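The values are calculated or read from the model by the stated rules, or taken from the named source; none is laboratory data. Model, not experiment: these values are computed from the prediction. We place every Cβ from the backbone using ideal geometry, glycine too, and count neighbours over all the protein chains shown.
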Amino acid sequence: MPAETIVEARGVGKSYDGAVEALKDVNLMLPHGRLSTLLGPSGCGKTTLLKIIAGLIPPSSGEVWVKGKKVEGPGPERAFVFQDFALLPWANVLRNVAFGLELRGIPKEQRSEIARRQIAEAGLSDFESSYPHQLSGGMKQRVGLARALAVDADIILMDEPFSSVDEQTRRKFQEELLDLLRHKQKTVIFVTHSIEEAAYLSDQIVLLSPRPGTVSKIIQPNIERAGRNPDEIRRDKNYLDVVEEIWQILKHYVV
Amino acid sequence: MLFGKKIPIFFSLVIWFIVWELIGQAGLSTIIPPFSRVVAAGITIVPTEKFSAAASISLRSFAIGMALSLAIGIPFGVLMARVESLGRILGMWVNIFVSAPISALVPILMAVVGIGETTVVVTVFLFAVFVIILDTRVGVKQADRSLVEMARSFGARRDQLYTKVLILSALPEILAGLRLGAIRGVKGVVIGQLLVAIIGVGELFELYSQYFLMEEFWALVIIVFMFALAVSEAIAFLEKRVEYYASAR
């Protein structure tokens, strides 16, 4: 069943100083309630595209539509998870998680309550009053994710969120993310350069070609995940085929 | 470290005071009285009305001058960091003034704003403000770009971006600027008052040197030194606390 489109890119292009062309004529439809991955080699503009969808960078040409509205800047229906966590070093975990709510002017008591709930779900209740530099990379990204969830946005934009954590933590995060999607109606747009990560997580993979970045292929993995453990999924024929298919395309971009 | 034992830092001061005392006792120069008599003179002048009047007027000039340089220096530094063209145009001037001999301008100031407290306040301001501008600018410029992006992605308004991210992010640099500014500010008070010569600590310095009261003169020098050191240490203490919070940067 085709889900309805929640994010749409129409002819999006981006060039810097009129010279360097990062993105060119990107057309995309991202389904509601699904996890879509933007995958490509470094320099293909996948992060740029994500930031354009977030409204952090204006496109040079074309437009992005989110929930039937043209994107003119950041909006409350979108929340961003950063590769480098982007936590306020002078604020403790509680305040960091509540920061999005604080910016919206939600009273302190109320936002602390919401933040505490998210912190508990992230398994960080004992660290509410810790500061970012006291946390491990994995814990920092949990805080980053909790902050995005606290504002209750429909769309979560994740920019290589697991690339700065170790492999074990990374796999655990992937499980948790899939778990989260099963229970909440969130749309996730996920940027990664890992083929395995994309194949493992995604309902839809958008393959981007480098310089200038443009959509080279869209793949729907169609991997049966319900009731199966991660190792079973990683041995699934569909999963392996998708990994192979992506590799066959991507390897042409590797110089 | 000496013979495996840690020596407290004030020990070097103690040695200097002993050397001073010996030179003073030897009577080599009338300019250098023994340290013990300088301390005694200090103890006698501090409770006098003349001293407290001089101290309070000096402190007031210092406080007003510093407050002004903070109130003007920080916004300027922030603006210069955020508005590229402004930073380029004003940056050169700030760099010139931060290293310029401001003392040379004090006589001109006297001609413009008169001989009095205002001149001293303006002198303190000119001594302190440029280094505060410079450091604030550096701090805001170095502010983590991804923190700014993060705040924007969560819908921060322009004013929130400044108050909740940029200023706090630049706080270590701003405090470093404030510390350097305060040290220069103390110089500003003394130099301003010396040149104006009729108010505050400067008047006392003038008085003591005219009547050759070297014991009182040195006592006053030590008091001013101690004040400068105390201010700088107090700000350094604040800095350390902020560094602690910002250590993840």
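Of all residues in the stretch B:182-240, count the ones that are at positive phi and small (Gly, Ala, Ser).
Number satisfying all stated conditions: 2.
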Do any helices (runs of 4 or more DSSP H) lying entirely in the stretch A:68-138 carry at least 1 residues that are aromatic (Phe, Trp, Tyr) and within 13 Å of another protein chain (Cβ to nearest Cβ), and which ones are they?
A:99-103
Read through the list (1) under 20 Å from A:Glu176 (Cβ atoms); (2) more than 14 Å from chain B (Cβ to nearest Cβ); (3) not charged (D, E, K, R), then give the number of the only condition that A:Ser60 fails.
(1)
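Would you call B:Ala128 among the aliphatic types (A, V, I, L, M), within 14 Å of chain A (Cβ to nearest Cβ), in a helix (DSSP H, G or I) and surrounded by 22 or more Cβ atoms within 10 Å (Cβ to Cβ)?
Values: among the aliphatic types (A, V, I, L, M): yes; within 14 Å of chain A (Cβ to nearest Cβ): no; in a helix (DSSP H, G or I): yes; surrounded by 22 or more Cβ atoms within 10 Å (Cβ to Cβ): yes.
No; evaluated as a whole, the condition is false for this residue.
Residues are listed down the side, and each one gets a yes or a no for (1) part of a loop (DSSP other than H, G, I, E, B); (2) among the charged types (D, E, K, R); (3) within 14 Å of another protein chain (Cβ to nearest Cβ); (4) touching a Phe, Trp or Tyr at 6+ places or on another chain (Cβ under 8 Å):
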{"site": "B:Val122", "(1), (2), (3), (4)": "no, no, no, no"}
{"site": "B:Leu134", "(1), (2), (3), (4)": "no, no, no, no"}
{"site": "B:Lys141", "(1), (2), (3), (4)": "no, yes, no, no"}
{"site": "B:Met150", "(1), (2), (3), (4)": "no, no, yes, yes"}
{"site": "B:Gly155", "(1), (2), (3), (4)": "yes, no, yes, no"}
{"site": "B:Asp159", "(1), (2), (3), (4)": "no, yes, yes, no"}
So, in the stretch A:224-255, of the ones that are hydrophobic (A, V, I, L, M, F, W, C) and closer than 14 Å to A:Ile205 by Cβ, which residue ends up modelled with the highest pLDDT?
A:Trp247
Consider the stretch A:200-239. How many of its residues are surrounded by fewer than 23 Cβ atoms within 10 Å (Cβ to Cβ), of a type in the set (Ser, Thr, Tyr) and closer than 18 Å to A:Leu50 by Cβ?
3
Among (1) closer than 30 Å to A:Phe85 by Cα; (2) modelled with pLDDT under 80 - the single one B:Gly114 does not satisfy
(1)
Restricting attention to the stretch A:161-199, and to residues there that are touching a helix residue (DSSP H, G or I) at 6+ places or on another chain (Cβ under 6 Å) and under 12 Å from A:Ser36 (Cα atoms), which single residue is surrounded by the most Cβ atoms within 10 Å (Cβ to Cβ)?
A:Ala199
For the stretch A:107-141, which residues satisfy the criterion of being hydrophobic (A, V, I, L, M, F, W, C) and closer than 13 Å to A:Val93 by Cβ?
A:Ala115, A:Ile119, A:Ala120, A:Ala122, A:Leu124, A:Phe127, A:Leu135, A:Met139
Check off (1) within 19 Å of the chain's Cα centre (by Cα); (2) closer than 23 Å to B:Leu194 by Cα; (3) buried (at least 19 other Cβ atoms within 10 Å of the Cβ); (4) not β-branched (Val, Ile, Thr) for B:Leu178 and give me the number that stays unchecked.
(2)
How many residues are buried (at least 23 other Cβ atoms within 10 Å of the Cβ) and assigned to a loop (DSSP other than H, G, I, E, B) if we restrict to the stretch A:17-44?
2
Would you please list the contacts, defined by Cβ atoms under 9 Å and residues six or more apart or on different chains, that run from a residue in the stretch A:29-51 that is within 14 Å of chain B (Cβ to nearest Cβ) to a residue that is of a type in the set (Lys, Arg)?
A:Thr48/A:Lys14
Failed item, numbered, when B:Ser58 is tested on (1) at pLDDT below 85; (2) farther than 30 Å from B:Tyr162 by Cα:
(1)
